[in-house]
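Here is the structure we will look at, set down as structure tokens.
A short reminder: the numbers here are calculations on the coordinates, not readings from a lab. Just so you know, these numbers come straight off a predicted model, no measurement behind them. Positions of Cβ are backbone-derived with ideal geometry, glycine not excepted, and every protein chain shown enters the neighbour counts.
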């Protein structure tokens, strides 16, 4: 007989995670989903992340991520 384990989180924790996800992936102005593109930066092992909203054409400031 199999025993299934479910990871149930409280509603408050779920809402907190969902708000964080929306803050990162959605536009600040219109709330639409952002489109991300990545480019190699001038530095070695650094990627530049650009985010643009297709709905209102706003762009977020590019962010840099180190890649190992």
> Label residue 43 and residue 55 with points 7 Å out from Cα along Cα→Cβ: what is the distance between them in nm?
Replying inline: 3.3 nm
> FRET efficiency for residue 14 and residue 66, Cβ-Cβ distance as r, R0 = 30 Å, nearest 0.05?
Replying inline: 0.45
> What would the Debye formula give as log10 I(q)/I(0) at q = 0.14, 0.18 Å⁻¹ for the alpha-carbon point model of the chain, no solvent?
Replying inline: -0.62, -0.79
>> Using Cα-Cα distances under 8 Å and only pairs 6 or more residues apart, what relative contact order does the chain have, in percent?
In response: 21 percent
> Relative to the longest principal Cα axis of the chain, at what angle does helix 11-25 sit, 0 to 90 degrees, rounded to 10?
Replying inline: 20 degrees
>> Calculate the FRET efficiency for residue 28 and residue 1 from the Cβ-Cβ distance with a Förster distance of 35 Å, rounded to the nearest 0.05.
In response: 0.10
> What number, rounded to the nearest 500 deg cm²/dmol, is the helix-based mean residue ellipticity at 222 nm of the chain, given -39500 (n - 2.57) per DSSP H run of at least four residues and division by all its residues?
Replying inline: -7000 deg cm²/dmol
